[in-house]
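Below is one structure, written out as structure tokens; the observations come after it.
The values are calculated or read from the model by the stated rules, or taken from the named source; none is laboratory data. Not measured: the values here are computed from a predicted model. Every residue, glycine among them, receives a Cβ derived from its backbone with ideal geometry; neighbour counts consider all protein chains shown.
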Amino acid sequence: MTVEQKVLRKVTKVLDLKKLKKALPREPHVERIESEEYVNADGEDALKITVMLSDDTTLEQLTGENVVSLKSAIYNALRAERISLFPYIFLATQAELDELKREEEEED
Amino acid sequence: MHEDLLDQAAFLAAKDPKRPKQANLRRAVSSAYYALFHYLIDQACRELLGTQNDKRVYRHVLARAFDHGCMKEACVAFRDVSLPKKMAGALPSAFAIPPELQFVAETFVQAQEKRHIADYDLSTRFARWDVAGFIHEVERAIATFESVTNVNSRQFFLVCLLTWRTLKR
């Protein structure tokens with residue numbers, strides 16, 4: 001991976017929740033946004049953005065409109081800062097990630 | 001077809017509410033991607049060959065010529081509003097890529113990556129919320145495409161999905 005640390009730091013800054021909050025939909029509630037370098041299926045450098053939703057998120061809150069406006073807020077913020085790496089965005093709750101980790105450990 | 005695939009994706013994503021099986025989430029992601037893939041191909045074939053029922057067989061034959069990689073490359077260019085200079089210069093000055101098309105193109109790029117992970121990368125596990133959100137996003141992209149009123153941009157985008165690798169030269 002060749003994504004510069006400088007770029008990653010900039011991404012973290014751009015996606016700071018305090019700055020981004022106004023652009024995010026009211027629901028689902030975003031607790032934090034994590035970014036890391038990523039190489040896509042075609043071998044291109046990109047970003048993996050994990051949007052951590054609150055554990056009480058419901059399926060009803062994940063409407064097309066909410067999901068799209070959440071992702072658009074991220075795309076727009078990165079574009080505004082001329083960050084050209086494509087952000088692949090994943091949604092999760094902490095409880096879900098913990099559960100997935102447990103499942104993985106059980107399988108090992 | 002695309003509606004059935006979306007129904008299938010939603011059904012699989014909602015199974016086992018307490019502990020969803022990764023196999024179901026992976027198939028849900030794949031089905032949602034293929035819903036968008038086949039929807040766009042169908043729209044392109046209708047533009048190229050006509051919508052009449054007696055053209056259906058021809059549309060199905062033409063549909064086989066579409067390629068995942070070529071479609072993604074076209075979508076990246078439309079998403080970034082970065083058509084090759086030669087192509088952009090040859091288009092009418094009024095030509096523009098509406099934000100709705102950019103969104104559809106962006107969703108396709110995201111969807112293809114997720115489908116690749118779902119089908120080939122066993123090291124990544126899917127979270128139900130991510131899959132549920134993704135299915136809604138694909139539904140939204142299809143609805144958005146239907147709302148594109150700029151006929152020239154819409155037609156050109158669809159033709160590019162098939163011909164991008166030749167056109168971009």
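Structure notes:
- Listing of strands (runs of 3 or more DSSP E) fully contained in chain A that carry 2 or more residues being among the charged types (D, E, K, R) and farther than 24 Å from B:L6 by Cβ: A:30-39, A:45-53
- Residue count for the range B:125-167 satisfying the condition of being surrounded by 15 or more Cβ atoms within 10 Å (Cβ to Cβ) and either on the phi > 0 side of the Ramachandran plot or within 11 Å of chain A (Cβ to nearest Cβ) (or both): 19.
- Residue match in the range B:70-84 (condition: among the acidic types (D, E), assigned to a loop (DSSP other than H, G, I, E, B) and at pLDDT 95 or above): no
- Verdict on B:K55 being under 20 Å from B:R169 (Cβ atoms) and assigned to a helix (DSSP H, G or I): no
- Evaluating A:L97 against the criteria (1) touching a His at 6+ places or on another chain (Cβ under 8 Å); (2) at the interface with chain B (Cβ under 10 Å from one of its Cβ atoms) leaves one unmet condition, (1).
- For the range A:69-102, a residue qualifies if it is farther than 18 Å from A:T12 by Cβ and exposed (fewer than 13 other Cβ atoms within 10 Å of the Cβ), and the qualifying residues are A:D98, A:K101, A:R102.
The rows are residues; the columns are (1) surrounded by fewer than 19 Cβ atoms within 10 Å (Cβ to Cβ); (2) closer than 30 Å to A:L70 by Cβ; (3) among the aliphatic types (A, V, I, L, M).
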{"site": "B:A28", "(1), (2), (3)": "no, yes, yes"}
{"site": "B:I41", "(1), (2), (3)": "no, yes, yes"}
{"site": "B:A44", "(1), (2), (3)": "no, yes, yes"}
{"site": "B:L48", "(1), (2), (3)": "yes, no, yes"}
{"site": "B:A63", "(1), (2), (3)": "yes, no, yes"}
{"site": "B:A74", "(1), (2), (3)": "no, yes, yes"}
{"site": "B:G89", "(1), (2), (3)": "yes, no, no"}
{"site": "B:A94", "(1), (2), (3)": "yes, no, yes"}
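- Residue, nearest to the other protein chains (Cβ to nearest Cβ), within the range B:88-115, restricted to residues that are in a helix (DSSP H, G or I) and aliphatic (A, V, I, L, M): B:V109
- When the criteria are applied in full, B:K114 meets the requirement of being touching a helix residue (DSSP H, G or I) at 6+ places or on another chain (Cβ under 7 Å), of a type in the set (D, E, K, R) and closer than 29 Å to A:E103 by Cα.
- Checked against (1) in contact (Cβ under 8 Å) with a residue 60 or more places away in the chain; (2) closer than 13 Å to A:S35 by Cβ; (3) out of contact with any Pro (no Cβ under 8 Å at 6 or more places or on another chain), A:F86 meets all criteria but (1).
- Condition met for B:R125 (assigned to a loop (DSSP other than H, G, I, E, B), at pLDDT below 95 and in contact with a helix residue (DSSP H, G or I) (Cβ under 6 Å, 6 or more places away or on another chain)): yes
- The listed residue being closer than 18 Å to B:A143 by Cα, among the hydroxyl-bearing types (S, T, Y) and out of contact with any Asp or Glu (no Cβ under 8 Å at 6 or more places or on another chain), out of B:Y34, B:Y58: B:Y34
- Pairs where the first residue, in the range B:42-57, is more than 21 Å from B:C160 (Cβ to Cβ) and the second is small (G, A, S) and surrounded by 15 or more Cβ atoms within 10 Å (Cβ to Cβ), C-beta under 7 Å, 6+ apart: none
- Complete set of residues in the range A:28-43 that are in contact with a Leu (Cβ under 9 Å, 6 or more places away or on another chain) and either surrounded by fewer than 17 Cβ atoms within 10 Å (Cβ to Cβ) or more than 13 Å from every other protein chain (Cβ to nearest Cβ) (or both): A:H29, A:E31, A:R32, A:I33, A:E34, A:S35, A:E36, A:E37
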